[in-house]
Amino acid sequence: MKKRTRGYSRLRWRIGVYMFLGLPLVIVAMLKLRSWDVCDEVKQHQISDPFKPKLAFLFLARHFMPLDILWEHFFEESRENEFSIYIHARPGYSYTEENTMCRFFVDRQLKNPTQVVWGEATMIQAERLLLTEALKEPLNDRFLLISDSCIPMYNFEFVYNYVMASEKSFVDSFIDYSDKQYNDDMKAVIPHENWRKGSQWFTLTRKHAEAVAADSTVFPMFVQYCKKVVLPDNWTSDPVKNGTKMPHNCIPDEHYIQTLFAMKDLERETERRTLTYSRWENHVKNKGREGWHPVTFTFQDSTLETIKYIQAFRNIRYETESRTEWCKVAGKERPCFLFARKFTRAAGFRLLDQVTKYEKAVPS
């Protein structure tokens, strides 16, 4: 009995020693497993909801993207399941690692672009092609038309939350009382009271993007009757001397979506303002293009003060309708503009140098 007791005691002692020595290893192993679980949870959170609605960025470009370095910074702060990118460039132009500094632009050009001519319906055809392509992705929920000369005014998170917080589209629109651009030949399809004007730079909900892409009534009228006019060198404003009155100088991209929404009774579902800032000046550039044109911001113009000035806008005045559009989203006051144009490449580099200052988000 003593031998068995002695052997049993020796066995208990050995088990105790093993447990004492082995317990830290077990704890470390459990902590490692837990840390792996936590890492997996963090990674899963970073991947986030695979069904999260996306912003579709629709870029209208000539060929290369002069502000690609700014957009690289903008998109690298986001998650890839939060946005899609589509670029309409001239036929035959492709975005590669050799010709763009933004990796998110590589191979994002449309495969079936049209040759765009300023002041013609090809401009709105390009917009429709972008929308049609973007609508193929079921998770694209908002559609933002962006110029190749645009810069983002805030970081991606702020832009995403701003746009998604509104249930409406943002379409700059006002009643055009002038007869200078409306053609009476349209009236069988487009009544004069539905003729609208505004900025071409929009942000659309999916419902409204589908309405534009599916339109087969208003767009043909623009192709046929809404065209720019290039005046001859000997033109004067006196109809007696010219033998005719001033022809209709219609710029399609300033009228199309606004007029389409008026026709389809969708204006109540829109914020009648654009999210893209442009500074306009009245000057004579050349024959056929006299009037108001957007100012180009150069390296010298692109200062922190300029950015703060644009960020400070909280309302927009429409004199023709005696209307002030206060900039609110979901009932809260917000900055009027998320983007601004027209900026040169040199301006983009200067702004990137100040990026931590100028992209400061407005408190929610």
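Looking at (1) over 17 Å from I151 (Cα atoms); (2) modelled with pLDDT under 90; (3) surrounded by 16 or more Cβ atoms within 10 Å (Cβ to Cβ), find the lone condition where V329 falls short.
(2)
What do you reckon, is Q181 touching a residue at least 60 places away in the same chain (Cβ under 8 Å), assigned to a loop (DSSP other than H, G, I, E, B) and more than 22 Å from L266 (Cα to Cα)? Before you say what the answer is, go through the steps one by one.
Numbers: touching a residue at least 60 places away in the same chain (Cβ under 8 Å): yes; assigned to a loop (DSSP other than H, G, I, E, B): yes; more than 22 Å from L266 (Cα to Cα): yes.
Yes.
Any residue in segment 101-115 that is touching a Phe, Trp or Tyr at 6+ places or on another chain (Cβ under 7 Å) and loosely packed, with under 14 Cβ neighbours inside 10 Å? Spell out how you get there, then give the answer.
Applying the first criterion (touching a Phe, Trp or Tyr at 6+ places or on another chain (Cβ under 7 Å)) to segment 101-115 yields 102, 104-110.
Okay, now just the ones that are also loosely packed, with under 14 Cβ neighbours inside 10 Å, so 107.
Within segment 101-115, one or more residues are touching a Phe, Trp or Tyr at 6+ places or on another chain (Cβ under 7 Å) and loosely packed, with under 14 Cβ neighbours inside 10 Å.
Quick one: how many residues across segment 141-172 are of a type in the set (D, E, K, R), more than 21 Å from R196 (Cβ to Cβ) and in contact with a Lys or Arg (Cβ under 6 Å, 6 or more places away or on another chain)?
Going through segment 141-172 one residue at a time, the tally reaches 1.
Kindly check whether there is at least one residue in segment 7-20 that is modelled with pLDDT under 95 and within 30 Å of S166 (Cα to Cα). Please lay out each step first, then the result.
Applying the first criterion (modelled with pLDDT under 95) to segment 7-20 yields 7-20.
Okay, now just the ones that are also within 30 Å of S166 (Cα to Cα), so none.
Checked against the condition, which is being modelled with pLDDT under 95 and within 30 Å of S166 (Cα to Cα), segment 7-20 yields no hits at all.
In segment 244-256, how many residues are in contact with a helix residue (DSSP H, G or I) (Cβ under 6 Å, 6 or more places away or on another chain) and either at pLDDT 95 or above or surrounded by 22 or more Cβ atoms within 10 Å (Cβ to Cβ) (or both)?
Adding up the residues that qualify gives 3.
Residues being among the polar types (S, T, N, Q) and in contact with a strand residue (DSSP E or B) (Cβ under 7 Å, 6 or more places away or on another chain): count how many of those fall in segment 95-116. Outline the logic, then answer.
Taking segment 95-116 as the starting set, the residues that turn out to be among the polar types (S, T, N, Q) are 96, 99-100, 109, 112, 114-115.
Cutting the leftovers down to in contact with a strand residue (DSSP E or B) (Cβ under 7 Å, 6 or more places away or on another chain) gives us 109.
Number satisfying all stated conditions: 1.
Looking at segment 258-273, can you tell me whether even one residue there is within 30 Å of Q354 (Cα to Cα) and either among the basic types (K, R) or at pLDDT 90 or above (or both)?
Yes.
What number of residues within segment 296-326 satisfy the criterion of being touching a helix residue (DSSP H, G or I) at 6+ places or on another chain (Cβ under 9 Å) and basic (K, R)?
Residues meeting the conditions: 1.
Residue by residue through segment 290-343, note down the ones that are assigned to a loop (DSSP other than H, G, I, E, B), touching a residue at least 60 places away in the same chain (Cβ under 8 Å) and closer than 27 Å to E167 by Cα. Talk me through it step by step, then tell me what you get.
Initial filter on segment 290-343 (assigned to a loop (DSSP other than H, G, I, E, B)): 290, 295-296, 298-303, 312-314, 322, 327, 330-331, 334-338, 341-342.
With the extra rule that they be touching a residue at least 60 places away in the same chain (Cβ under 8 Å), the set shrinks to 296, 330, 334-338, 341-342.
Hits for segment 290-343 are A330, R334, P335, C336, F337, L338, R341.
The values are calculated or read from the model by the stated rules, or taken from the named source; none is laboratory data. Here the structure is a predicted model, which is why all the values come from computation and not from measurement. Please note: Cβ atoms are built from the backbone with ideal geometry, for glycine as well, and neighbour counts cover all protein chains shown.
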